[in-house]
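The structure under discussion appears below in the form of structure tokens.
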Amino acid sequence: MANNYKYAKEQYAKFGVNTDKALETLDKIPLSMHCWQGDDVCGFETPDAGLSGDGIQTTGNFPGKARNIDELRQDIDEALKYIPGKTRLNLHAIYGEFGGKKVDRNAIEYKNFKGWVDWCKARKMGIDFNPTYFSHPLVKDGLTLSSPDKGVRQYWVEHGIACRKIAEKMGKELGETVITNFWMPDGMKDMPADRLSPRKRMADSLDKIFAVKVSKKYNKDAFESKLFGIGSESYVVGSHEFVMGYCVKNQILITLDSGHFHPTEMIADKISSALLFSPEILLHVSRGVRWDSDHVVITDDSTMSIMQEIIRCQAADKVHIGMDFFDASINRIFAWAIGMRAARKALLCALLDPLAMMKDAEAKVDFGTRLALMEEAKNLPSADVWQEYCQRTQKLNGMAMLKGVKEYERKVLSKRN
Ligand code: RNT
Ligand code: ZN
């Protein structure tokens with residue numbers, strides 16, 4: 001045990017915190033890493049697949065993005081060298097193995113994802129899943145499940161059902177639950193004359209998708225709201241109220257994306273309310289800069305307060321934590337490593353908070369002591385506990401991480417274009 005860690009352990013003990021116990025708990029909480037940071041959300045449906053801007057956008061053209069599944073897997077393996085703790089892989093439907101053939105989204109099957117299941121099994125990673133309701137010609141006039149065109153709706157209903165079945169089978173194969181997250185870009189650039197009808201149609205389409213029985217042991221459905229998107233500035237069908245209402249009524253997981261609310265609105269305070277009325281929650285931890293820009297997650301106030309809430313609500317088993325950022329302007333391995341590490345560091349800090357003392361002060365209505373504890377905690381040596389954690393999990397930290405990623409950039413990424 002390094003001296004620094006010994007010292008840190010003693011400092012935390014003064015505040016009633018056991019650092020070894022915190023590390024034990026930390027190591028068990030899974031974080032779901034999104035595959036789409038590796039290729040700017042393009043997917044591999046066709047060799048020239050790409051984002052078509054249906055309410056979702058990446059910016060930047062840093063060299064070396066993964067051009068196929070093998071490269072994406074190679075890059076994820078590289079990122080994992082720097083990412084301690086239990087990591088799951090979050091896949092989108094456009095990341096299947098389609099063998100160079102065009103497979104319609106309503107015709108995708110488990111066999112297109114078996115390769116991923118084997119790959120994740122070998123790494124003891126769980127999987128999460130997402131139907132892909134963007135970058136497709138049938139996003140007709142910006143609408144999918146809420147389209148006035150019955151054929152369009154039917155196509156996307158079938159896609160949703162196909163994804164839930166794939167997820168169920170993936171879960172069975174892995175012996176773990178897959179969380180399948182629904183997000184649809186449906187919306188309008190300018191003020192609609194009729195806000196109600198698209199919402200009725202979306203609710204009806206979702207009812208059809210969720211009417212298909214799928215084992216809850218292997219698949220849990222989640223549904224994500226959004227305030228606005230590019231080209232849907234005035235109206236998003238799946239707004240917060242729509243999603244919250246639908247999820248509570250149907251007991252589906254509410255997905256809270258930290259970039260999907262007003263710029264100063266934080267999702268941390270929503271967790272305790274959502275927990276009371278939705279069976280479980282899915283989080284998309286992201287970082288919006290002035291808008292839903294999906295910058296790489298860092299240990300800022302927003303991330304810290306999200307993790308604090310999960311720990312303070314004792315809800316680590318009910319809140320599923322996923323990442324959702326995609327920055328194409330920096331080395332994508334850095335993006336994954338920085339974001340995943342930031343989320344886990346924030347989680348560690350939350351576990352190192354002198355919570356028992358804080359709650360005790362609160363019970364005594366001694367709010368001065370409560371505030372003092374929160375402030376003092378910020379200067380306790382959490383970095384030494386993090387270093388110890390990286391050592392115990394054999395992950396590269398600090399300058400070793402910086403050097404490792406740059407070396408990979410030189411040896412692998414820079415050769416790709
Ligand atoms: C878009 C949503 C959604 C996507 C992913 C790729 O605004 O946040 O979660 O980012 O499905
Ligand atoms: Zn999201």
(request) Sort out which residues of region 350-371 are surrounded by 14 or more Cβ atoms within 10 Å (Cβ to Cβ) and part of a helix (DSSP H, G or I), and write them in order of number. (result) Ala350, Leu351, Leu352, Leu355, Met357, Met358, Asp360, Ala361, Thr369, Arg370
(message) Taking the condition of being small (Gly, Ala, Ser) and surrounded by fewer than 24 Cβ atoms within 10 Å (Cβ to Cβ), how many residues in region 153-194 meet it?
(response) 3
(message) Under 9 Å between Cβ atoms, which residue pairs at least 6 apart in sequence (or on different chains) link something in region 278-293 that is over 12 Å from Leu253 (Cα atoms) with a partner that is of a type in the set (Lys, Arg)?
(response) Asp292/Lys226; Ser293/Arg287
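Could you check region 99-116 and list, in sequence order, the residues that are farther than 17 Å from Gly38 by Cβ, buried (at least 18 other Cβ atoms within 10 Å of the Cβ) and either touching a helix residue (DSSP H, G or I) at 6+ places or on another chain (Cβ under 6 Å) or basic (Lys, Arg) (or both)?
Filtering region 99-116 down to residues farther than 17 Å from Gly38 by Cβ leaves 99-112, 114.
Filter once more, keeping what is buried (at least 18 other Cβ atoms within 10 Å of the Cβ): 105, 108, 112.
Result: Arg105, Ile108.
In region 158-205, what residues are basic (Lys, Arg) and either more than 17 Å from Leu253 (Cα to Cα) or in contact with a Cys (Cβ under 9 Å, 6 or more places away or on another chain) (or both)? Even if it seems obvious, please write down each step before you answer.
At the first step, the residues of region 158-205 found to be basic (Lys, Arg) are 164-165, 169, 172, 189, 195, 199-201.
Of everything in region 158-205, those that are basic (Lys, Arg) and either more than 17 Å from Leu253 (Cα to Cα) or in contact with a Cys (Cβ under 9 Å, 6 or more places away or on another chain) (or both) turn out to be Lys165, Lys169, Lys172, Lys189, Arg195, Arg199, Lys200, Arg201.
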(message) Could you tell me how many of the residues in region 168-227 are more than 14 Å from ligand 1 (Cβ to nearest atom), hydroxyl-bearing (Ser, Thr, Tyr) and part of a loop (DSSP other than H, G, I, E, B)?
(response) 3
(message) Where the second residue is part of a strand (DSSP E or B) and more than 13 Å from ligand 2 (Cβ to nearest atom) and the first is farther than 19 Å from Arg73 by Cβ and in contact (Cβ under 8 Å) with a residue 40 or more places away in the chain and lies in region 27-38, which pairs have Cβ atoms under 6 Å and are six or more apart or on separate chains?
(response) Pro30/Arg88
(request) Hand me the list of strands (runs of 3 or more DSSP E) wholly inside region 246-330 holding 2 or more residues that are within 16 Å of ligand 1 (Cβ to nearest atom) and out of contact with any His (no Cβ under 8 Å at 6 or more places or on another chain). (result) 319-323
(message) Residues that are touching a Lys or Arg at 6+ places or on another chain (Cβ under 8 Å) and within 26 Å of Val289 (Cβ to Cβ): list the strands (runs of 3 or more DSSP E) wholly contained in region 29-131 that include at least 3 such residues.
(response) 31-34
(message) Let me spell it out: the conditions are (1) within 26 Å of Met323 (Cβ to Cβ); (2) assigned to a helix (DSSP H, G or I); (3) touching a residue at least 60 places away in the same chain (Cβ under 8 Å), and Lys395 meets all of them except one. Which number is the exception?
(response) (2)
(request) Among the numbered conditions (1) buried (at least 22 other Cβ atoms within 10 Å of the Cβ); (2) more than 18 Å from Ala79 (Cβ to Cβ), tell me where Leu51 comes up short. (result) (1)
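Of the residues Asp27, Asp77, Asp40, which is within 16 Å of ligand 2 (Cβ to nearest atom), of a type in the set (Asp, Glu) and closer than 28 Å to Asp257 by Cα? Let's see the steps before the verdict.
On the way: Asp27 fails: within 16 Å of ligand 2 (Cβ to nearest atom); Asp77 fails: within 16 Å of ligand 2 (Cβ to nearest atom).
Testing whether each residue is within 16 Å of ligand 2 (Cβ to nearest atom), of a type in the set (Asp, Glu) and closer than 28 Å to Asp257 by Cα leaves just Asp40.
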(request) Enumerate the pairs (first residue in region 89-118 and under 23 Å from Ala79 (Cβ atoms); second residue anywhere and of a type in the set (S, T, N, Q) and part of a helix (DSSP H, G or I)) with beta-carbon separation below 7 Å, excluding pairs fewer than 6 apart on the same chain, so at least 6 apart or on different chains. (result) Gly96/Asn112; Glu97/Asn112
(request) Being of a type outside the set (Gly, Ala, Ser) and in contact with a Phe, Trp or Tyr (Cβ under 8 Å, 6 or more places away or on another chain) is the filter here, so list the residues in region 341-381 that pass it. (result) Arg341, Lys345, Leu348, Leu352, Pro354, Met357, Leu373, Glu376, Leu380, Pro381
(request) Give me a count of the residues in region 230-245 that are touching a helix residue (DSSP H, G or I) at 6+ places or on another chain (Cβ under 9 Å), in contact (Cβ under 8 Å) with a residue 40 or more places away in the chain and assigned to a loop (DSSP other than H, G, I, E, B). (result) 2
(request) Select from region 304-342 the residues that are more than 18 Å from Met33 (Cα to Cα) and free of Cβ contacts under 8 Å to residues at least 40 places away in the same chain and list them in ascending order. (result) Ser305, Gln314
(request) Might you check whether a residue that is among the small types (Gly, Ala, Ser), over 16 Å from Gly229 (Cβ atoms) and either under 15 Å from the mean Cα position of the chain (by Cα) or surrounded by fewer than 22 Cβ atoms within 10 Å (Cβ to Cβ) (or both) occurs anywhere in region 259-271? (result) yes
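Where a number appears in this text, it was derived from the coordinates with a stated rule and is not lab data. Since the structure is predicted, the reported quantities are computational estimates derived from the model, not experimental observations. Neighbour counts run over all protein chains shown; Cβ positions are idealised from the backbone, glycine included.
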